[in-house]
Amino acid sequence: MIKLKRLALCLSIFAAAGLASAQDAGNVVQDGIAVKPLSRMRVLAPEEQVNEAARQQYVEMVGEAKQKGVLAPESDPQLKRLRVIAQRIIPQTTRWNPAASKWEWQVNLFKSDQVNAFCMPGGRIGFYTGIIDQLKLTDDEVAAVMGHEIAHALREHGRERLAKTNVTALGARVGGALLSGIFGVDPNLTGTAANYAGQFLVLKFSRDEEREADLVGLDISSRAGYDPRAGIVLWRKMAALNQSAPLEIFSTHPGGETRIKDMEAHMNVLLPLYARAKNTSVAKLPAYQGAALK
């Protein structure tokens with residue numbers, strides 16, 4: 001009888017421990033944006049070729065800008081600011097792509113009114129003065145832009161897009177030939193229709209990539225100690241600056257409101273990262289405010 005009581009006690013302890021573990025598992029907060037496997041499609045565009053092409057293009061671009069006097073010198077305050085922000089963000093990148101630890105990271109600033117920035121495969125970053133000046137970007141907002149562009153490189157969207165474009169073009173040609181053979185229609189007409197369908201498919205992929213880059217970019221910048229709410233303010237500024245944006249279905253970028261909703265829906269996992277980087281809690285974070293556009 002005593003043995004049975006002891007057995008019952010042990011079972012109850014194990015059951016309680018199991019229940020507690022299950023409850024704890026249910027209460028675990030996701031650590032940032034969930035990491036997904038990189039697209040298998042990208043293997044159709046060899047990494048070495050893509051990175052080498054990007055490197056050559058970047059070298060040529062920087063060289064041409066230097067000749068024209070539009071490359072910011074090493075002493076430029078805005079360039080120094082960009083590089084400080086990059087130094088904080090780059091250590092957070094390997095979570096998303098381990099190969100980033102071996103990239104030859106570079107940051108340059110181009111004197112141009114373009115409201116744009118980029119990060120080529122291999123970590124080659126470029127900002128235009130237009131995006132900083134016209135949007136009056138705070139450091140947090142610069143980090144949101146930089147994180148977004150770096151995310152494209154980390155997720156190898158360039159390789160993936162190149163592979164998809166090649167496959168889509170091949171499929172369009174094959175599909176056009178099949179339709180022509182079945183219906184006896186001019187192959188030029190069926191080829192054109194198939195190409196249009198292919199273009200819309202690539203645009204859809206591209207919008208998905210932009211949404212992923214928004215969230216991954218904010219994950220990276222949040223871990224580096226930059227406020228993810230800056231992404232929301234950034235896109236409100238973009239919307240104010242660009243009132244004549246194309247309809248979303250015809251654009252490679254999702255609309256501003258769509259992006260803002262996506263970001264807001266993920267603040268529950270982004271703000272804890274930022275708070276942790278700042279050694280505080282989400283409840284104690286001050287409200288975020290960016291510089292208003294005139």
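Residue separation times 0.36 nm, minus the C-alpha to C-alpha distance between Glu64 and Asp208: what's the value?
Length gained between Glu64 and Asp208: 48.6 nm.
Can you tell me how much longer the chain between Asn279 and Ala34 gets when fully stretched, taken as 0.36 nm per residue apart minus their C-alpha distance, in nm with one decimal?
86.0 nm
Output the relative contact order of region 99-142, whole-number percent, from Cα pairs under 8 angstrom with separation of 6+ residues.
With pairs under 8 Å counted, the relative contact order is 36 percent.
In the structure shown, do any of Lys237/Lys261; Lys36/Lys80; Lys111/Lys237; Lys80/Lys111 have a Cα-Cα gap over 23 Å, and if so which?
Lys36/Lys80
Students often get this wrong: which residues of region 126-141 have the backbone nitrogen under 19 Å from the point 7 angstrom along Cα-to-C-beta of Gln87?
Answer for this model: 126-127, 139-141.
Is the shape of region 54-100 best called rounded, prolate or oblate, per the rule: a/c under 1.5 gives rounded, else a/b larger than b/c gives prolate, else oblate, with a ≥ b ≥ c the square roots of the Cα gyration tensor eigenvalues?
Cα axes put region 54-100 in the oblate bin.
On a straight-distance basis, which aspartates and glutamates could pair with Lys284 in a cross-link, Cα separation under 14 angstrom, same-chain partners fewer than 8 positions away excluded?
Answer for Lys284, where 14 Å is the Cα cut-off: Asp227, listed by chain and number.
Every number here is computed from the coordinates shown, using simple stated rules; none is lab data. Just so it is clear, the structure is predicted and the values come from calculations on it, not from any experiment. Positions of Cβ are backbone-derived with ideal geometry, glycine not excepted, and every protein chain shown enters the neighbour counts.
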